[in-house]
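Novice: Questions regarding the structure given below will be posed in turn.
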Amino acid sequence: MGIQNTLKALSDPVRREILNMLKDGQMTAGEITEKFDITGAAISRHLSVLKEADLVRDKRDGKFIIYELNASVLEEIMLWLKDLKGEDNND
């Protein structure tokens with residue numbers, strides 16, 4: 001996976017908005033789709049890219065798939081960016 005997949009996933013505004021929505025808690029694929037004016041298939045592809053980058057996790061609950069944010073990957077990116085800027089990680 002690595003940072004390349006993560007940055008690719010973060011490069012799309014729809015995927016960034018999905019992550020922003022998930023920071024408030026878990027959502028089903030249907031709930032995510034309702035927030036956008038694009039097809040369910042397009043949202044499914046965006047969710048797949050986010051999963052491949054390990055930015056979201058999913059679990060099945062009956063007939064629903066529930067998505068949640070994987071903040072640990074974002075924290076790793078933040079630490080990497082801080083290091084690039086030369087900031088002290090002990091703040």
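The values are calculated or read from the model by the stated rules, or taken from the named source; none is laboratory data. In this text, all values refer to a predicted model and were calculated from it rather than measured experimentally. With ideal geometry, Cβ positions are generated from the backbone for all residues, glycine too; neighbour counts draw on all protein chains shown. Surface accessibility is based on the protein's heavy atoms, side chains included, excluding ligands, DNA and RNA. Shrake-Rupley method; radii C 1.70, N 1.55, O 1.52, S 1.80 Å.
Novice: Would you be able to say whether some residue in the stretch 24-42 is in contact with an Asp or Glu (Cβ under 8 Å, 6 or more places away or on another chain), closer than 25 Å to MET78 by Cβ, in a helix (DSSP H, G or I) and open to solvent by 60 Å² or more (accessible area, probe 1.4 Å)?
Specialist: There is no residue in the stretch 24-42 that is in contact with an Asp or Glu (Cβ under 8 Å, 6 or more places away or on another chain), closer than 25 Å to MET78 by Cβ, in a helix (DSSP H, G or I) and open to solvent by 60 Å² or more (accessible area, probe 1.4 Å).
Novice: Tell me which residues, restricted to the stretch 43-64, are open to solvent by less than 50 Å² (accessible area, probe 1.4 Å) and either in contact with a strand residue (DSSP E or B) (Cβ under 7 Å, 6 or more places away or on another chain) or of a type in the set (A, V, I, L, M) (or both).
Specialist: Hits for the stretch 43-64 are ILE43, LEU47, VAL49, LEU50, ALA53, LEU55, VAL56.
Novice: Would you confirm, using the coordinates I've provided, whether LYS8 is touching a residue at least 24 places away in the same chain (Cβ under 8 Å), surrounded by 13 or more Cβ atoms within 10 Å (Cβ to Cβ) and in a helix (DSSP H, G or I)?
Specialist: yes
Novice: Looking at the stretch 43-57, which of its residues are touching a residue at least 40 places away in the same chain (Cβ under 8 Å) and assigned to a helix (DSSP H, G or I)?
Specialist: Scanning the stretch 43-57 gives VAL49, LEU50, GLU52.
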